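Scroll down for the structure; my scribbles are underneath it.
Please treat every number below as a calculation from the coordinates, not as lab data. Since the structure is predicted, the reported quantities are computational estimates derived from the model, not experimental observations. Because the Cβ atoms are built from the backbone with ideal geometry, glycine has one as well, and the counts that use them run over all protein chains shown.
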């Protein structure tokens, strides 16, 4: 059976990491804001995930915005997108963000920040509500 959509990659469109040179391991606070953009002409869905990670002791913070590119086999309309996609698209993209933050913090000369694996099913409703027609415009 052929999949109705495929993941065509991602782009980091914003990245900001700030950290203290002396770091005590603190509890991580993670916020994820999803939004989607349906581009009918190219049969694509652009998933924008803004991930903000901070330690409760304020010794580390990161803000990373990524754009995941998904291609559909047919022209897509927001009412035709299955809940399965809204649940799985963030789950497909999020590991790349986790790896990016881990690699970037490791390369900074200090220890890596490792974001835990997360169940992102709670993003389904928010992503549905934040999906629009047309490509994203710069915020």
In degrees from 0 to 90, rounded to the nearest 10, what is the angle of the helix 83-107 Cα long axis to the longest principal axis of the chain? 30 degrees
When a footprinting reagent is the concern and you count Cβ atoms within 10 Å, what order do 65, 51, 39 take, fewest first? 39, 65, 51
Could you list 19, 98 in order of exposure, starting from the residue whose Cβ has the fewest other Cβ atoms within 10 Å? 19, 98
Three principal axis extents, largest first, for the C-alpha atoms of the chain, in Å? 52, 30, 24
Once residue 107 and residue 19 are pulled to full extension, the length gained, defined as 0.36 nm per residue separation minus their Cα-Cα distance, is 30.4 nm
Counting each DSSP H run of 4 or more residues in the chain as -39500 (n - 2.57), what helix-only mean residue ellipticity at 222 nm follows after dividing by all residues, to the nearest 500 deg cm²/dmol? -7500 deg cm²/dmol
Under a point spin-label approximation (7 Å from Cα along Cα-to-Cβ), what is the residue 52-residue 31 distance to one decimal in nm? 0.2 nm
Between residue 91 and residue 61, the FRET efficiency computed from the C-beta separation at R0 = 35 Å comes out, to the nearest 0.05, as 0.90
